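What follows is a set of notes on a single structure, which appears directly below.
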Amino acid sequence: MVEIMAKAVKNEKGVSLVLSKEEAEKLGFKENAEYELAQATQGVFVLLEKAVDKPVPPIKKQVAQQPAQKRLPIEEYRLLRKLDKIKYEQRIPYRVHKFLTKEEKDLLEQMKKKGLVSLYTGGKYAKTGVYTIPNEIYAIIKGNKPRQELPSEPEKLSEKKNLSWEEHLEKYGYLIVENENDAQRISGKLEKAIKKGDILGTRGFDKKFYIADRAFYGEWNNKITPLITGKEKRVPEICNAINMSEVACRVALELMRDQGEIIEKKRGFYTAI
């Protein structure tokens, strides 16, 4: 048995054990690996490496193409652009309706029925609701090609090395940044989108920076929240239920926690607030 010296540091999120770099290397700690602390006897603790969850195999889905998604009538396009200019947190119905004419309110109801706009009523928006623009519709009004599928495939390391951060964010809808200097540089380039609410970002307890676009967050938030409302679930359970890669799932959960919509009730178990 190898003995180590570790310092317990308490913060608002819990208690962290801090090791020196030399001790970590001597013990063969793996980068980004997860460990569990177990009590052997009174005053004696054992550090165990967690088993790595296997990635969920991707399942191909048939995505129904609605005629309205191919080409939007000018009135619907203009209303979507108007809605897009309102920050996500401000898209609560009673606030949005203040900026709309009677004709626009009627049109908005029709667009909800057609799936061009949805009203999300989960998490902190359970009482008020908040208007959300689906990914494929958002891509149309932005003049970009929509992603064919949400990022259910696990990232390929070989591909990740060949993609710039801009390409990764465009393809997968999210980004994980491990270096603080890189995070500051990327945040500077995304400043306008962040202020507008099109890009969300947070720093996790693991000190990594999690970034995602609004379409990624909205879609997965809508799918994850019902799964963990009144229940506690681990990442692998959530991934299996909605065909999501573990990497993407952790990004969504970190952002949802930052937005105050979920909590990690106990290590690795998440539940909606």
* Considering segment 176-185 alone, what residues qualify as being farther than 16 Å from residue 216 by Cβ and either at pLDDT 90 or above or under 18 Å from the mean Cα position of the chain (by Cα) (or both)? -> 178, 180, 181, 182, 183, 184, 185
* Which one of these does residue 230 not meet: (1) over 10 Å from the mean Cα position of the chain (by Cα); (2) in a helix (DSSP H, G or I)? -> (2)
* Members of segment 105-128 that are of a type outside the set (Phe, Trp, Tyr) and closer than 17 Å to residue 226 by Cβ -> 118, 119, 121, 122, 123, 124, 126, 127
* Quickly run through segment 175-223 and pick out the residues that are of a type in the set (S, T, N, Q) and surrounded by 14 or more Cβ atoms within 10 Å (Cβ to Cβ). => 187, 202, 221, 222
* To do: Report yes if residue 266 is surrounded by fewer than 20 Cβ atoms within 10 Å (Cβ to Cβ) and at pLDDT 90 or above, otherwise no.
  => no
* Structure fact -> (1) acidic (Asp, Glu); (2) closer than 22 Å to residue 126 by Cα; (3) not in a helix (DSSP H, G or I) all hold for residue 206 apart from (2)
* To do: Please give the number of the condition residue 111 fails out of (1) modelled with pLDDT of 90 or more; (2) within 24 Å of residue 259 (Cα to Cα).
  => (2)
* To do: Please determine, by comparing only the residues of segment 94-108 that are in a helix (DSSP H, G or I) and in contact with a helix residue (DSSP H, G or I) (Cβ under 9 Å, 6 or more places away or on another chain), which one is nearest to residue 259 (Cα to Cα).
  => 96
* Asked: Taking the condition of a type in the set (A, V, I, L, M, F, W, C), outside the structural domain of residue 87 (by TED's automatic domain parsing) and surrounded by fewer than 21 Cβ atoms within 10 Å (Cβ to Cβ), does residue 242 pass?
  -> yes
* Asked: How many residues are farther than 14 Å from residue 133 by Cβ, at pLDDT 80 or above and not hydrophobic (A, V, I, L, M, F, W, C) if we restrict to segment 46-88?
  -> 2
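The values are calculated or read from the model by the stated rules, or taken from the named source; none is laboratory data. Model, not experiment: these values are computed from the prediction. Virtual Cβ from ideal backbone geometry, glycine too; neighbours counted across all protein chains shown.
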